[in-house]
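Everything below concerns the one structure shown next.
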Amino acid sequence: MSIAENVAAVKANIRAAAVAAGRDPASVQLVAATKMNDADRVRQAIAAGVDICGENRVQEMLEKNRQGAYEGAPLHFIGHLQKNKVKQVVGLASLIHGADSRELLEVISRTALNRGLVQDVLLEVNIGEEASKSGFRPEEIPGVLEYVSTLPGLRVRGLMAIPPICAFPEENRPFFCRMEKLFVDNGEKKYDNVSMDFLSMGMSGDYTEAVACGANLVRVGTAIFGARDYSK
Ligand SMILES: *Cc1c(COP(=O)(O)O)cnc(C)c1O
């Protein structure tokens, strides 16, 4: 299957899952997780109609950006962002998905202010409460949003999560549904610098489950590009 055929199939699955859940299919955006795929393959995905490109690694993103890989699509940073790499990402990625600590939020805000920008971010939630994963605990979110209201260089646009690895996609549904509740509940109260617009969850194995539970950004790599070759 070509990248174009894969993108068409993923978009059809998203549409069907949204309709089945009584949602507007146009409200769900497809983020192509482009890590380890070169500029030419990224361009093919954009030409095939992915809405956004999501990159994981800062060096790889800078390199492919120099090659013009992302022309025609917005660029998001979806990986784990280290504080010492914030300056390379702020202003280049229109949305940073995985803000996972107060320290990182502070650095992003300060960096953006120095450049005269406001950086959009999502708060990463450790929804499975796994020791191995980064992200805020669900009950921490209200306090983090209070904190964000003191950081004028950023705007929180929503939440992001990567649920525990599971054997069957349906097993993730409780985590996705818990995320949806967290997203809705935390969107009710108004905070400065916060606008709860995006719920980023779902990958190749489980994006239809995520859409059923309200995801409006799904991050899909393998189902678009095929398996990544980690031996290279
Ligand atoms: C790689 C990656 C994805 C996509 O994973 P697939 O299983 O290949 O679809 C989604 N989100 C993040 C944060 C990733 O690093």
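The values are calculated or read from the model by the stated rules, or taken from the named source; none is laboratory data. Just so it is clear, the model here is predicted, and its values are computed rather than measured. Note that we place each Cβ from the backbone using ideal geometry, even for glycine, and neighbour counts take in every protein chain shown. Areas reflect the complete protein model, heavy atoms only, side chains present, ligands, DNA and RNA absent. Shrake-Rupley method; radii C 1.70, N 1.55, O 1.52, S 1.80 Å.
Relative to the Cα centre, the charge distribution of segment 3-225, modelled as +1 at Lys and Arg Cβ and -1 at Asp and Glu Cβ, gives a dipole magnitude of about 520 debye. For segment 162-184 versus segment 84-108, the spacing of their alpha-carbon centroids is 25 Å. Couplings 3J(HN,Hα) of segment 190-198, computed from phi: 8, 10, 5, 6, 10, 9, 7, 9, 10 Hz, in residue order, whole Hz [Karplus 6.51 cos²θ - 1.76 cosθ + 1.60, θ = phi - 60°; x for Gly and Pro]. Accessible area per residue for the chain, computed on protein heavy atoms with a 1.4 Å probe, is 45 Å². The phi-based Karplus calculation (6.51 cos²θ - 1.76 cosθ + 1.60; θ = phi - 60°) puts the 3J(HN,Hα) values of segment 12-22 at 5, 5, 4, 4, 5, 5, 5, 4, 4, 8, x Hz, whole numbers, x for Gly and Pro.
With a 10 Å cut-off between alpha carbons and a GNM built on the chain, which of V144, V121, V90 moves the most? Result: V144 has the largest fluctuation of those listed. Over 32 Å apart at the Cα level, from the set K11/K83; K64/K133; K85/K190; K87/K190; K35/K190, are K11/K83; K35/K190. The value given for the chain is a Kirkwood hydrodynamic radius of 17.8 Å, derived from the mean inverse Cα-Cα separation. Shown for segment 1-136: the carbon plus sulfur share of the solvent-accessible area, taken with all protein chains present and a 1.4 angstrom probe, equals 48%.
A dipole drawn for the chain from +1 and -1 charges on Cβ atoms has a positive end, and of V144, G68, V31 the residue lying farthest that way is G68. Distance from the C-alpha centroid of segment 21-42 to that of segment 193-222: 10 Å, rounded to the whole angstrom. Take Y191: with every protein chain present and a 1.4 Å probe, its accessible area is about 30 Å².
Once phi is turned into ³J(HN,Hα) by the Karplus curve 6.51 cos²θ - 1.76 cosθ + 1.60 with θ = phi - 60°, what whole-Hz value does each residue of segment 172-185 show in order, with x for glycine and proline? Ordered by residue, 3J(HN,Hα) equals 7, 4, x, 5, 5, 5, 5, 4, 4, 5, 4, 5, 5, 4 Hz.
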